[in-house]
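For reference, the structure discussed in these notes is given below.
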Amino acid sequence: MTHHGDALRPGETVLDRPLAADDAGLVFIGVLRTPFQIRDDCPRQGSFDGPECRVELRPEFAPALQGIERHSHLELLYWLHRARRDLLSQSPKADGEVRGTFSLRSPLRPNPIGTSVVKLERREGNTLIVRGLDCLDGTPLLDVKPDRCGYTVQARAKGLD
Ligand code: SAM
């Protein structure tokens, strides 16, 4: 049986409103709570020994967290909502050296999607407590996935995928 036709499989659950499949309209599934109030407070990239941050899922997405504690590290995708979106080339250090936007991990990009691999400390209901974020407090959350390093042959053998 191909996954995923219209039929639900036993135990599967869905949102109570449909999302169009033919555009890239994204929904914010939650919000990231960090100690970083201004951009200068943010690290350029997060670190696993950084401060605890909160990944607050909207309640309707809570069922989608089932099984998340099996993973020690998660990949978060978020919308860098304060970023301008019109830069094609940038000088990150303001030193005259200019590079194309797509050769940088700068937050300033046409679709300002940020990604971080974070360490999952614990779950508190709809909220995940993690370390490794680099974004402003209030940054909207787009997605949560197990980190790719869980997808090794050894992890598969333990049934972690
Ligand atoms: N880790 C992500 C990545 O690699 O895709 C983002 C890296 S980007 C270099 C991180 C920087 O984006 C932070 O240091 C801060 O200056 C900026 N930033 C963080 N949150 C932001 C937001 N919500 N809107 C705009 N800029 C943000």
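The values are calculated or read from the model by the stated rules, or taken from the named source; none is laboratory data. These numbers come from a predicted model, not from an experiment. Methodologically, a virtual Cβ is constructed for each residue, glycine included, from the backbone with ideal geometry; neighbour enumeration extends over all protein chains shown. All accessible areas refer to the heavy atoms of the entire protein, side chains included, with ligands and DNA or RNA removed. Shrake-Rupley method; radii C 1.70, N 1.55, O 1.52, S 1.80 Å.
What does the net charge come to around residue 129 if you take all other residues with beta carbon closer than 11 Å to its beta carbon, with K and R at +1 and D and E at -1?
+2
Of the residues 127, 139, 101, the one that moves most in a GNM of the chain with alpha-carbon contacts below 10 Å is 101. The mean sequence distance of close C-alpha pairs (under 8 Å, at least 6 residues apart), as a share of the length of the chain, puts its relative contact order at 34 percent. The residues of the chain expose, per residue, 66 Å² of accessible area to a 1.4 Å probe. Along the axis of the charge dipole computed for the chain (Cβ charges of +1 for Lys and Arg, -1 for Asp and Glu, origin at the Cα centre), the listed residues 47, 110, 133 are led at the positive end by 47.
To the nearest 20 debye, what charge dipole does the chain have about its Cα centre, counting +1 at the Cβ of each Lys and Arg and -1 at the Cβ of each Asp and Glu?
For the chain, the charge dipole is close to 320 debye.
Using a probe of 1.4 Å, the accessible surface attributed to residue 27 totals some 50 Å² when neighbouring protein chains are kept in position. Calculated mean residue ellipticity, 222 nm, the chain: -500 deg cm²/dmol, from DSSP H runs (n ≥ 4) at -39500 (n - 2.57) each, averaged per residue and rounded to 500. Of the solvent-accessible surface of the range 30-157, computed with a 1.4 Å probe over protein heavy atoms with every protein chain present, carbon and sulfur atoms account for 50 percent. Each 5 Å bin from zero holds the following percent of Cα-Cα pairs in the range 30-157: 2, 10, 19, 21, 18, 13, 9, 5, 2, 1, 0.
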